[in-house]
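Below is one structure, written out as structure tokens; the observations come after it.
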Amino acid sequence: MKGATANIVGAYDTNVYSVSYTPTTGGEPVKNHKWVIGSELKAK
């Protein structure tokens, strides 16, 4: 992606969270798999 251009379409005053997990089928833990903002989270 070196040299790629982008357009910034918004900026938000919010919290960001990193998602890390350990696979239930075994394997090594995965750290910082995805970054999400507060409005993307849903309660179960």
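Only the coordinates and a few stated rules stand behind these numbers; no lab work does. In this text the structure is predicted, and so the values were computed from the model without any measurement. Because the Cβ atoms are built from the backbone with ideal geometry, glycine has one as well, and the counts that use them run over all protein chains shown.
Looking only at region 13-28, how many residues end up being assigned to a loop (DSSP other than H, G, I, E, B) and among the hydroxyl-bearing types (Ser, Thr, Tyr)?
4
Is it the case that region 29-39 has a residue that's part of a loop (DSSP other than H, G, I, E, B) and either exposed (fewer than 10 other Cβ atoms within 10 Å of the Cβ) or aliphatic (A, V, I, L, M) (or both)?
yes
Looking only at the chain, which residues are touching a helix residue (DSSP H, G or I) at 6+ places or on another chain (Cβ under 7 Å) and not hydroxyl-bearing (Ser, Thr, Tyr)?
ASN15, the sole residue that qualifies.
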